[in-house]
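Here the structure is laid out as structure tokens; the discussion comes afterwards.
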Amino acid sequence: MKVIIAGSTGFVATELIHQALAHPKVTSIVVLGRREISLPPNAGAKLKSIICHDFENYSDSIKAELAEADACIWTIAVTPSKSKLVAWEEVCKISRDYAVTAIETISQLRHDRPTSGFRFIYISGVAAERDPSKKPLIMGDYCLMRGEAETRILKCAQESKGTVEACVAKPGLIEDSSKTGMLSKAVRSVGTAVLGLPKVDLQEISAALLDQVVNGFDKDTLENEDLVRIGQRSLRGMGK
Ligand SMILES: NC(=O)c1ccc[n+]([C@@H]2O[C@H](COP(=O)([O-])OP(=O)(O)OC[C@H]3O[C@@H](n4cnc5c(N)ncnc54)[C@H](OP(=O)(O)O)[C@@H]3O)[C@@H](O)[C@H]2O)c1
């Protein structure tokens, strides 16, 4: 199957690319980003990197590259830690509007199988809130904006009469256990305990997301515990 990984340079996307290259059922990977990436040595003909300068209006040449994709994993966003460095309108555009435009546009490019389900996963976060009357105390505007993105993406699938399947992943803190040093691990453990955030390992969430686009969505919203469970099951299946 052909899978688009959007946000080619990011923390999660980098591991997704690594795992997708090794996945036997993923035959073609298009990585979409605003910058060039250094391709992994084993990328071969399976992976193509596409640079996009306008995520609100895809050019015909980019549409041609994205056409006939079976699934897309959307990792592009301004994360909470970087959101104060970017104008609020830009944060909303990048984290919400780009994803909504993507699901609407790419799902229309399946000319060979217009009626079969195009699978789209939007990575959001555990604190994103869909109900505007329940504004969280911490980063309230940001959490509501990400919640609105979740609602709009799921609505796009609901209105598609089965041609689009959407899923929202809501991880807590994503940790790369293979790289995190002892001190940093201890600091992050205290941080997550204080903030009450659940955690998921980078390998686990990546395996879970790939499992879901390849085999179909267990449900339309994957909470942190679902991502851990599916990811661990999938990694065990791969002998890891
Ligand atoms: N990391 C975590 O612990 C965590 C926890 C919960 C949820 N999440 C969610 O998981 C998703 C991925 O997170 P991550 O940690 O992988 O984030 P990341 O490392 O910051 O990656 C974000 C990606 O978005 C791209 N991006 C940002 N601004 C852009 C713009 N204006 N135009 C095009 N692309 C742009 C970045 O490209 P450039 O490299 O070109 O900037 C990068 O590829 C996000 O939705 C995040 O909120 C992450």
Expressed as a percent, the accessible surface of segment 2-237 that is carbon or sulfur, using a 1.4 Å probe and the full set of protein chains, is 54 percent
Can you order the peptides 228-239, 165-176 by their average number of other Cβ atoms within 10 Å per residue, highest first? 165-176, 228-239
Probe 1.4 Å - accessible area at Phe55, Å² to nearest ten: 20 Å²
17 Å cut-off, amide nitrogen to a point 7 angstrom out along Glu225 Cα→Cβ, residues in segment 101-138: 126-127
For the cross-link pairs Lys135/Lys170; Lys25/Lys46; Lys63/Lys219, which exceed 20 Å when the distance is taken from alpha carbon to alpha carbon? Lys63/Lys219
Show me the helices of the chain, taken as full DSSP H stretches, that run 15 Å or more along their long axis by Cα and average 0.5 or above in Kyte-Doolittle hydropathy. 11-22, 182-195, 202-215
Please state the Cα pair-distance histogram of segment 2-237 with 5 angstrom bins from zero: what percent is in each bin? 1, 6, 14, 19, 21, 18, 12, 6, 2, 1, 0
Just to check, using Stokes-Einstein with a Kirkwood Rh over alpha carbon pairs, what's the diffusion coefficient of segment 1-128 at 25 °C and 0.890 mPa s in µm²/s? 162 µm²/s
Contact order normalised by length for segment 2-237, with contacts defined as Cα pairs under 8 Å and 6 or more residues apart; what percent is it? 17 percent
Find how many whole Å separate the alpha carbon centroid of segment 112-129 from the alpha carbon centroid of segment 130-157. 16 Å
Just the number please: accessible area per residue for the chain, 1.4 Å probe, all protein chains included, in Å². 49 Å²
Counting only DSSP beta bridges with both residues in segment 41-193, tell me the antiparallel percent, nearest 5. 0 percent
Between Arg113 and Ile138, what's the calculated FRET efficiency when r is the beta-carbon distance and R0 is 41 Å? Round to 0.05. 0.45
Spacing of the two label points (7 Å from each Cα toward its C-beta) at Thr79 and Ala64, in nm: 3.6 nm
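The values are calculated or read from the model by the stated rules, or taken from the named source; none is laboratory data. What you are looking at is a predicted structure, and each value in this text was computed from that prediction instead of being measured. Positions of Cβ are generated from backbone atoms using ideal geometry, with glycine treated the same way; all protein chains shown enter the neighbour counts. Accessible surface is based on the protein model in full, side chains and every heavy atom, while ligands, DNA and RNA are left aside. Shrake-Rupley method; radii C 1.70, N 1.55, O 1.52, S 1.80 Å.
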